Amino acid sequence: MLFTAESTVEDPNKRNRKATAIGIAVAIHVFLILTFLFVAVIPGIRDEPEIVAQVIAPTQTNQPQMEKKAVMKQVEQASAAMAASPIAKMLRANTAAKIAAPEVTKVSDGPLGFGEGDFGSGFGFGSGMGSGATFFGSRSAGKRFLFVLDHSASMRDSQVTLRNNELEKTLSSLSANVQYQVILFAGGALFAQEGWKYDNRGTGQRYNIIDPKGNKYPFFAKQGAFDWEFDGPDSRMPRERWLPATKSNVERTVEFVKGVEKFYGTDWGLALKMGQLMSPPPDVIFFMSDGTGGNEPGPILDFNRSHGRSKINTFAMQTSAGAKEFNEIAEGSGGEFVIVARDGKIIKGRDYLRNPSEYSADL
């Protein structure tokens, strides 16, 4: 049999198509190998990323559950889509990866409503869920909120009214799954709850704070109006339980706050210590005063660090007196310093401290 020259030579166009197909196949395999290396190896040598969980308070009592269901549905949909991807199938076929749940390293206000705190080694749904509270423009999230409010004789009636209105608005907006308590302070301090009262028999330099069971807790002026002491060990200071933020509890608290008379003296440290000794300790403290209280921030922050590390948001009521101390307490505990101006306007403490003269007309 004879073969012609034409039959022994491969068609150039056919040869080019074959080379192109081989090249594409090689490129695809190289891409898959590089992708596998990037997914399986590179994340292990990179720094751990920051994960920011965003929080915001619900406006209705059933909103946390609704938001949680919506988020979990989105997670399930995303997980299903990823599981069906070619790369995921390849990884499952070639490796046995041990994947740890991410650890939340930051928390910020936002639309997810998970609450605030360290979620630990997982996302911590359930017992870690909290809510938010806003007081004079300062917002924080948590499960237990304490309000430590100046009720001294130097507080003007207009200031008391402004404070009471803001407190009522804040407590009424709390979710029912959180807890709160209110402490009113001057020379001594008492819980804003039915049955608590004080007496100032004699010169006014000594108070007995009396609880609903009739137990007496003596406070006395050590060196003037701004330096008071509790007459006894810290373990004997007044105690009270946390209140669920139900409508009836809030109404009774507001009624008490509006009815109790102001009393003599001002001491920040004693009132904050009473709150920090609560069990369990507060997640967030909203602390408000109309001026200095004779207390250095250092001991307050030290006690806070050893008793729950509460975030302390500080509020100067229509004054710049004590601004440095307010700011130091807030910064040292991760809180925020705010000045409430004469018309109720909110001045961020950091803005005031940068340029005090700009706000002199507001105070």
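Things worth noting here:
- Potential extension, residue 359-residue 200 segment - 0.36 nm per residue separation minus Cα distance: 53.4 nm
- Residue exposure proxy: 254, 178, ordered by other Cβ atoms within 10 angstrom of their Cβ from fewest to most, comes out as 254, 178.
- Anisotropy class of the range 177-308 from Cα gyration tensor, a/c 1.5 cut: oblate
- Above-threshold pairs, the threshold being 26 Å between Cα atoms, out of 222/273; 216/324; 169/216; 216/258; 213/258; 222/324: 216/324; 169/216
- Distance (nanometres) between label positions extended 7 Å along Cα→Cβ at residue 279 and residue 251: 3.3
- For residue 150, the shell of other residues with beta-carbons less than 12 Å away shows a net charge of +1, using +1 for Lys and Arg and -1 for Asp and Glu.
- Estimated translational D of the range 131-362 in µm²/s (Stokes, Kirkwood radius over Cα pairs; 20 °C; 1.002 mPa s): 122
- The range 302-362: radius of gyration over Cα atoms, expressed as a fraction of 2.2 N^0.38 Å: 1.17
- Over 17 Å [Cα-Cα, the range 129-178], rounded percent: 39
- Taking 211, 302 and counting other C-beta atoms within 10 Å, the order from fewest to most: 302, 211
- Packing-based exposure ordering (other Cβ within 10 Å, fewest first) of 331, 325: 331, 325
Just so you know, all these numbers are worked out from the coordinates, no wet-lab data involved. Note that the coordinates shown come from a computational prediction; the quantities given were computed from them, not determined experimentally. When we count neighbours, we look across all protein chains shown, and the Cβ atoms used for this are built from the backbone with ideal geometry, even at glycine.
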